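The values are calculated or read from the model by the stated rules, or taken from the named source; none is laboratory data. No experiment lies behind these values; they were computed from the predicted model shown. Don't worry about glycine lacking a Cβ; one is built from the backbone with ideal geometry, like all the others, and counts go over all protein chains shown.
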Amino acid sequence: MKIHTISTSANSGKVGQTVPSARPPHASRKWLRYAVAALLVSLAILTACLVQVQSGNATVVTRFGSPVRVLLEPGLAWRLPAPFESPMEVNLRTRSTSSGLQDVGTRDGLRVIVQAWAIWKVNPDQQHVLRFIRAVQNQPEEAARQIRTFIGSSLETTTSNYALSDIVNTDSKKVKITQLEKQIENQLKEQLLNSYGIELVQVGIERLTLPSVTLTATVERMRAERETIATERTAEGNRLAAEIHSKADRDARITEADASVKAATITAQAQRDVAAIYAKAYALDPQLYNLLRSLDTLNDVVNKSTRIVLSTDAAPFKALVQQPAETDRAAR
């Protein structure tokens, strides 16, 4: 075995001393590169095994394309690196869609054009999220198209249970739009949830119009209703007027009868008073009484256009030519 020695000026006096060899600088750099590379590979593997679940989304972890689990809580979760497992984001936020104009029929055989809107979202449940993935392949546009199809069919079947006056009416108390919306929502909610995993939040009528034929029929119906109401009110007015006239005539007859009784009573009393006055006047001065009565009779019989030729000694004209004494004797 040979021992190599290196002598320098510092230890030249020491013969046979062994000096260790120094590590080359390039070897240290090589080990550093290995460590950094191992760290980067570890970080890459760690990153590939982590998945982030964002708020408002659900993450479906698929293994070789087949869903294996659903992550609903926001945060980080573990998974196998690709290509073993891959994440798929499912949007759980609320969306809206519109059915477009639908020509549907009413119970009374008329047509009406209706447009409905719907607010929906994917139900935040693992089974419903997986059902949504399988049904529409995580495509919200396809889900909205399916919802519009369901709404159109529901509008056709549900509107046929209502008359046109239940949908279009000047009296707000007779309009049943809210009931129609609720019936459509109840009809579609369970069906969409079980078939597509979609939660139907609300359904409403966005637009309502009438075709020209239906509009004409509606105007005619409204005119007939107004004419019926006018006829009923006219008949009611005539009935009230007849009652008022009948009551007025009855009251007038009663008042007239009462007045006639009172007038007859007053007349009879006046005649009794007149007879008493005449009797009293005759008792006081018979000649004056006869003269006044004759004058009263002439006043009643003769007027401006009367022409009578009578003897002057005939009553009552003899009062005009005879003296009171002669008149009294003639009367006797």
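See the values below:
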| read-out | value |
| --- | --- |
| Scan of the range 177-213 for residues that are in contact with a Leu (Cβ under 7 Å, 6 or more places away or on another chain) and acidic (D, E), ordered by number | E185, E199 |
| Strands (runs of 3 or more DSSP E) fully within the range 37-117 counting 2 or more residues that are closer than 22 Å to T159 by Cα and assigned by TED's automatic domain parsing to the domain that holds V175 | 95-105 |
| Candidates L200, L240, L208, L193 - the one that is in a helix (DSSP H, G or I) and touching a residue at least 24 places away in the same chain (Cβ under 8 Å) | L193 |
| From the options E185, E156, E142, residue that is touching a helix residue (DSSP H, G or I) at 6+ places or on another chain (Cβ under 8 Å) and either acidic (D, E) or under 25 Å from V61 (Cβ atoms) (or both) | E142 |
| Residue in the range 131-148 that is in a helix (DSSP H, G or I) and over 30 Å from P74 (Cα atoms) present | yes |
| Yes/no for S165 being under 29 Å from R93 (Cα atoms), outside any strand (DSSP E or B) and either more than 16 Å from the chain's Cα centre (by Cα) or not aromatic (F, W, Y) (or both) | no |
| E190 over 26 Å from the mean Cα position of the chain (by Cα) and modelled with pLDDT of 90 or more | yes |
| Conditions (1) surrounded by 10 or more Cβ atoms within 10 Å (Cβ to Cβ); (2) over 40 Å from the mean Cα position of the chain (by Cα); (3) without any contact (Cβ under 8 Å) to a residue 24 or more places away in the chain; number of the one not met by A235 | (2) |
| Among residues of the range 90-106, those that are without any contact (Cβ under 8 Å) to a residue 40 or more places away in the chain, surrounded by 12 or more Cβ atoms within 10 Å (Cβ to Cβ) and not polar (S, T, N, Q), counted | 1 |
| L76 farther than 15 Å from N138 by Cα, under 41 Å from the mean Cα position of the chain (by Cα) and modelled with pLDDT of 80 or more | no |
| Any chance L155 is closer than 30 Å to F132 by Cβ, in a helix (DSSP H, G or I), in contact with an Asp or Glu (Cβ under 9 Å, 6 or more places away or on another chain) and assigned by TED's automatic domain parsing to the domain that holds W117 | no |
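Every residue, every condition in (1) over 23 Å from the mean Cα position of the chain (by Cα); (2) exposed (fewer than 10 other Cβ atoms within 10 Å of the Cβ); (3) at pLDDT below 90; (4) farther than 19 Å from L110 by Cβ, yes or no:
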| residue | (1), (2), (3), (4) |
| --- | --- |
| I205 | no, no, no, no |
| S212 | yes, yes, yes, no |
| A230 | yes, no, no, yes |
| A241 | yes, no, no, yes |
